[in-house]
C-alpha cells in the first residue's frame, strides 16, 4: 500500500528544494539562460553537418554569424555568461570539425546544468500535483473503507439471538400475499387493465416497476385483443399468422406490439411491491408502505392491504432498529467476517484506516497547491 501522506511530504520537500535552487539565481535570469542555452545548442545540432570542413564556406560563415548574434552583448547578470563567451571564443576558428562541435557541447554543459534548475522545478511541481491527486484519491478510498469497516463493526455488535421473527413474520405474510394477488391479477385481468395499473405506478418513485412500453400500451388500449389476459396475448404471439388471423383483427399489429415485448410481459411480477428481507430502515418503511398501498389497492383485496398496514406499524416498534441490525448481521456477515470481528482484526483495520486518513488530511492542509 502506498504511503500517500509520506509521498506528498516528500514531493513537497523536493519542490521546496528545487524552488530554493531557482531563487538562488533568479527565475527570470534562469529563463534567459535557458533560452540562450537551447538556441545555441540548436545551432550546434543544425550546422554540425554543413559548417564543418572546407566544403561549405557559406554555411560556416552563417553559423559563425548566428553564434555571434547569441553571444554578443550578453547581460552582465546572465547566469553562466562566461560559459557562453568561452563557447563563442572556441568556435571562432577558420575551420571546424565534428570534434569541435562535440567539444563546444561539453563546454556548454555548465550553462545547461544551471538552466536545468528550471526544468527540475517544473518537474518537481508536477510531481507534487500528482502526489496531491493521489492523496485525494486515497482519501476517497479510505472513506469507503472506513464506512465498510464501521458497518461491519456495527453488525458485529448486533444481537444474533434477537427475536427477528417479530419483524420477519408480518413482512413475509404481506410479501407472500401480494405476490399471489399480483399473479392472479396478471393471469385473470384484461391486459389493458394490468398495464394501466402499471402505468399509474409511475407516479410513485418507490414502486420500481419498469414502465410499460408505449407501443404495447397503445395496442391494448386501441384493439379488442387488449381485453384478453397477458398469458393469452403471449399465447397469441406464438401463433402463426394464419392461425392468429382467426383470433385478432390485425395480426401484424399484435406481432409488433406483443411479439417484441415477450420478455417484459413474462417477467412481470410483484417484486417491486414487496418489502423483502432484511427489512429497510425504520424511516423508509412508512414511505414504502404508503406508496405500495396506492398501487396494491388497485388489484388486491382488503386482506393484502391490511397485511401492509401491519408492516407499516412495525416502524413504530421501539426495538425495530435493534431487530433490524440483528437481521442484517445474520444475512450479511460471512463466516470470515465474523472471524475477523471476533479476533479484533476489523477494529485494528478501522484504527489504521482512520490514522492514515488523518495523516493524509494533515499533509494536505500543511502544504499548498503549487
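Side notes on the structure shown:
- Of all the listed residues (70, 96, 108, 139), the sole one being farther than 18 Å from residue 33 by Cα and part of a helix (DSSP H, G or I) is 139.
- Of the residues examined, residue 136 is one that is surrounded by fewer than 17 Cβ atoms within 10 Å (Cβ to Cβ), more than 20 Å from residue 25 (Cβ to Cβ) and at pLDDT 85 or above.
- When region 298-322 is filtered for residues that are under 16 Å from residue 180 (Cβ atoms) and free of Cβ contacts under 8 Å to residues at least 40 places away in the same chain, the ones remaining, listed by number, are 302, 305, 306.
- Those helices (runs of 4 or more DSSP H) lying entirely in region 195-312 with at least 1 residues surrounded by fewer than 16 Cβ atoms within 10 Å (Cβ to Cβ) and within 37 Å of the chain's Cα centre (by Cα): 214-222, 262-266, 285-296
- The condition (being closer than 21 Å to residue 16 by Cα and in contact with a helix residue (DSSP H, G or I) (Cβ under 6 Å, 6 or more places away or on another chain)) is satisfied by just one residue among 129, 138, 133, 117: 117.
- Number of positions in region 328-338 that are loosely packed, with under 12 Cβ neighbours inside 10 Å and either in contact with a helix residue (DSSP H, G or I) (Cβ under 8 Å, 6 or more places away or on another chain) or assigned to a helix (DSSP H, G or I) (or both): 3
- Take the conditions (1) at pLDDT 75 or above; (2) within 20 Å of residue 95 (Cα to Cα); (3) surrounded by 13 or more Cβ atoms within 10 Å (Cβ to Cβ); residue 36 misses just one of them, which is (2).
- The lone criterion from (1) at pLDDT below 80; (2) surrounded by fewer than 13 Cβ atoms within 10 Å (Cβ to Cβ); (3) part of a helix (DSSP H, G or I) left unmet by residue 20 is number (1).
The values are calculated or read from the model by the stated rules, or taken from the named source; none is laboratory data. In this text, all values refer to a predicted model and were calculated from it rather than measured experimentally. Using ideal geometry, Cβ is built from the backbone for each residue, glycine included, and neighbour counts are taken over all protein chains shown.
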